[in-house]
Each structure stands twice: as structure tokens, then as C-alpha cells.
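See structure below.
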Amino acid sequence: MATRSDRLLRTAYLLTHDWALAEDLLQEALTKAWFAWPRVEEPEPYVRRVIVTTFTSWWRRRWRRELPSHDLPETAHLDATGGIDEHDSLWRAIGRLPARQRAVIVLRFYEDLPVAETAQALGCEPGTVKSQTAKALAKLRVDESIVKELQR
């Protein structure tokens with residue numbers, strides 16, 4: 001796992017958008033995987049699946065209430081030409097997706113996993129991966145530049 005930890009940490013980061021949370025997520029996933037280690041045949045896909053399921057359970061438990069604030073949220077980052085940074089808007093759009101759809105987008109487009117491996121990581125059927133991908137891309141199509149960024 002020492003040779004694969006950077007890749008797994010990147011997966012955790014892409015799900016959480018926070019390095020500290022990603023490290024916590026990976027650590028918790030590795031701890032959970034430790035107990036099943038003698039039975040694990042393929043460690044990386046197994047740990048990746050534990051990362052996704054742990055993230056999903058964290059996301060479901062998260063308190064969902066608006067918090068009052070005196071500070072206004074930051075505006076979008078501007079690039080050198082004065083336009084909105086596409087990368088920032090991409091991450092904000094992906095961050096608004098439901099956890100399952102976000103996990104599919106991360107595994108399919110950022111981790112470049114095929115449908116079958118993504119289904120294995122998520123513990124579902126390949127058809128579910130395809131439908132979740134279609135639903136996520138439909139939500140992201142609101143801004144065509146986001147889809148273009150994903151297809152690069």
C-alpha cells in the first residue's frame with residue numbers, strides 16, 4: 001500500500017476537496033481495510049471502495065443547515081485574462097453533485113477507471129455507473145465549459 005498511497009490519497013482528495021479531510025478519510029479507510037486484509041486479494045480496488053463508502057457515510061451524516069455569516073463568500077477566481085477560472089467553477093459544480101454522482105465522476109474521469117472497475121469500487125452494477133454518469137453530466141451541462149474540461 002505504500003506505493004499506492006499517493007494515488008489513494010488523490011482519490012480521497014477529489015472526493016472531499018480538502019487535504020486534511022482526505023488524509024483522515026484515507027487513514028480511516030486503511031484502518032477498516034486492515035481488519036479484512038487476510039481476505040483481500042486486490043488491495044488497491046478494495047481500499048478505493050472502502051474510501052468511497054466511508055466518504056458516502058460521512059456525507060450522509062453531515063449536518064445540513066445553513067450557518068449565518070457576516071462575511072460574504074469569496075468571488076470566483078479570475079485568470080490572467082480577467083475571466084473566471086474554469087478550474088474553480090468546475091470544482092464548485094462537481095462539489096454540488098450528490099455524493100454518489102461525485103464519486104462516479106471522480107473515479108471515471110479523474111482516476112480514469114473503466115466502468116467495470118468503477119462499479120466494483122462503488123459496489124454496484126455497471127449499468128448504475130453509466131446512469132449515474134449520465135445524470136451527473138446532465139447536471140454539469142448547465143455550463144458547457146465544465147463538460148469540455150472533463151473531456152480533456
Spin-label pair ASP112/ASP6, simplified geometry with 7 Å Cα→Cβ offset, distance in nm:
1.5 nm
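Quick check on packing: order 112-125, 30-43 by the mean number of other C-beta atoms within 10 Å, highest mean leading. Don't skip to the end; give the middle numbers.
Details: 112-125: 16.9, 30-43: 11.4.
The packing order, highest mean first, is 112-125, 30-43.
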Once you have the Cα-Cα distance between LYS32 and TRP58, take 0.36 nm times their residue separation minus that, and quote the gain in nm to one decimal.
7.9 nm
How far apart, in nm, are the 7 Å Cα→Cβ label points at SER89 and VAL142?
1.2 nm
Scoring region 5-61 by relative contact order with C-alpha pairs under 8 Å, at least six apart, yields a percentage of 36 percent
Does region 5-61 come out rounded, prolate or oblate by the C-alpha gyration tensor, with a ≥ b ≥ c the root eigenvalues, rounded set by a/c under 1.5 and, if not, prolate when a/b is larger than b/c and oblate if not?
prolate
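Using a 10 Å cut-off on Cβ atoms, rank the peptides 126-135, 95-104, 45-54 from the highest mean neighbour count down. Walk me through the numbers on the way to the answer.
Numbers: 126-135: 16.2, 95-104: 18.9, 45-54: 21.2.
Listed from highest to lowest mean packing, they are 45-54, 95-104, 126-135.
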Test item: Cα-centred dipole of region 5-61, Lys/Arg +1 and Asp/Glu -1 on Cβ, debye:
240 debye
Per-residue ³J(HN,Hα) for region 110-117, Karplus 6.51 cos²θ - 1.76 cosθ + 1.60, θ = phi - 60°, Hz, x for Gly and Pro:
9, 8, 6, 8, x, 4, 4, 5
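Each reported figure results from applying straightforward, stated rules to the coordinates on display, with no laboratory input. In this text, all values refer to a predicted model and were calculated from it rather than measured experimentally. All Cβ positions, even for glycine, are placed from backbone atoms using ideal geometry, and neighbour counts span all protein chains on display.
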